[in-house]
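To keep things clear, I will list the structure first and then write my remarks on it.
The values are calculated or read from the model by the stated rules, or taken from the named source; none is laboratory data. Bear in mind the structure is a predicted one, so any value in this text is a computation, not a measurement. Counting neighbours? That spans all protein chains shown, and the Cβs are built from the backbone with ideal geometry, glycine included.
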Amino acid sequence: MAATGTRRFPLKQRVERLRQKMQEKGLDVFLVMQPENRRYLTGFTGSAGTVVITAEQALLLVDFRYTEQATRQAPDCEMVRVKNRLEEDLPPIIERLGGKRWGFESQHVTVAQHERIRPAFEQAGIALEGVEKVVEGLRAAKDPEEIARVREAVRITDLAFARFLEWVRPGVSEQEAAWEIEKTMRENGAEALSFPMILAAGPNGVENHHRAGDRLLQPGEPIIIDMGAVCQGYQADMTRTICLGPADERFWEIYRIVRTAQETAEAGLRAGMRGVDGDRLARQVIADAGYGEQFGHGLGHSVGLSTHEMPMLSPLCEDPLPAGMTVTVEPGIYLPGWGGVRIEDVVVVRENGTEVLTQSTKEPIVPI
């Protein structure tokens, strides 16, 4: 019973925080359909359902496939079994709950979905208003339970990478290497991969989201491995760049710049700093070294129930970084025809600095 109470307590807090946001925006009722947001508020992990939040009630609408699961996973919600499409089941719920202004997640509801549900509200004389990033804003600062789950996902990722370094050798393909990592993560508790693994050898490293193919790993070339395990719904994201055998001066030049940029950012990040200022910590190091044009993505992104959450470490992000945010720090340099170097950790942003969760070695040379 104690374990269950520990699990449910933060869920109640999350719903109360949402109610505060609803009050600030003048909303009587709020609809949540986005899967990670739905799970964040209720604990329900099913692939379909709608959460309806009022000042005093929390309803979870699911069809017959999920009634048992919803009852078990979301005991703080009233489970409402629906039989038809949402637009057909909404009228009695609207009549029951009333209110003058209902909100919905405008960045997740399609135009077609909105057009289907809108008539039910018009007939009831209720305003249906789209709002953005309400629940995502709550998810930005992680509670201790969430950080613990991210930490475990990072631990599994670190373990898989350490085993990979013992196994890898020249002549295996990108696909073979990626499968070895995935297999180890699965064998050690990962319920899924955070994203399709990126394993890019040599010139393939210029493609930031390269899918592992049949290219064979060669001695002396940069190999980017971007990987992450999922644990209890929470995700890890780590990148390391390695070289099989001795590396040339070009590799070492690029690698040292990227590592210095990452260390500078991890030492300088603080809660309250804007995302753009966090990004600038690393970007300035790379620009000063003459490779600013070769660092074409943001420094990092929040990670949790989704691989990419808000706020981000990016030239486009003016939002402040909250204490408790789990975020990647991943500077990189990419040179067409040669490849790239990226190094990525997951860190927790604290009031007075960062806690680096990722513990995998950053020694890039793998003896052969």
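Just a few scattered comments:
- Taken together, the criteria exclude A127 from residues that are out of contact with any helix residue (DSSP H, G or I) (no Cβ under 9 Å at 6 or more places or on another chain) and either farther than 26 Å from S306 by Cβ or not basic (K, R) (or both).
- Check on E187, over 18 Å from R240 (Cα atoms) and of a type in the set (D, E): yes
- Residues of segment 49-73 that are in contact (Cβ under 8 Å) with a residue 40 or more places away in the chain, assigned to a loop (DSSP other than H, G, I, E, B) and within 19 Å of Q34 (Cβ to Cβ): T54 alone.
- Against the criterion of being touching a His at 6+ places or on another chain (Cβ under 7 Å) and modelled with pLDDT of 95 or more, Q34 qualifies.
- Subset of segment 343-368 (residues that are farther than 21 Å from I242 by Cβ and either out of contact with any strand residue (DSSP E or B) (no Cβ under 7 Å at 6 or more places or on another chain) or exposed (fewer than 15 other Cβ atoms within 10 Å of the Cβ) (or both)): R350, E351, N352, G353, E355
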